[in-house]
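So the structure is just underneath, and the comments pick up after that.
The values are calculated or read from the model by the stated rules, or taken from the named source; none is laboratory data. Quick caveat: nothing in here was measured; it's all calculated off a predicted structure. Glycine also receives a Cβ, built like all others from the backbone with ideal geometry; neighbour counts cover every protein chain displayed.
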């Protein structure tokens, strides 16, 4: 269980991209603070492995407590829980956001890309 570093870059005016790579079973990502960029979409790619599940979590109490965030489109259960590659829009605008792998096997290896944009 490790906390994976994030990398980030500005890709256009008011648009930031954050990437977490190499998220294995039991890992989480270093939290990203981007509440000033309230429009967010997340893309998950990689190898889920057997039973692999990755969730996108948020916190408003400086990372003391995390909760699974929701898809603004209300797809499936609404929770941002991935068992395969997908792209979704995040409903909540939270203080901190991170990915966390909650299940998988030795081949589980996720990459998470988050696009954060200022509302227009």
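Could you grab me the full set of residues in region 13-28 that are over 15 Å from residue 100 (Cβ atoms), in contact with a strand residue (DSSP E or B) (Cβ under 8 Å, 6 or more places away or on another chain) and not in a strand (DSSP E or B)?
14
Just for region 29-48: of the residues that are outside any strand (DSSP E or B) and at pLDDT 95 or above, which one is surrounded by the most Cβ atoms within 10 Å (Cβ to Cβ)?
By that ranking, first place goes to 48.
Can you spot a residue in region 50-65 that is closer than 15 Å to residue 117 by Cα and surrounded by fewer than 17 Cβ atoms within 10 Å (Cβ to Cβ)?
Looking through region 50-65, none of the residues is closer than 15 Å to residue 117 by Cα and surrounded by fewer than 17 Cβ atoms within 10 Å (Cβ to Cβ).
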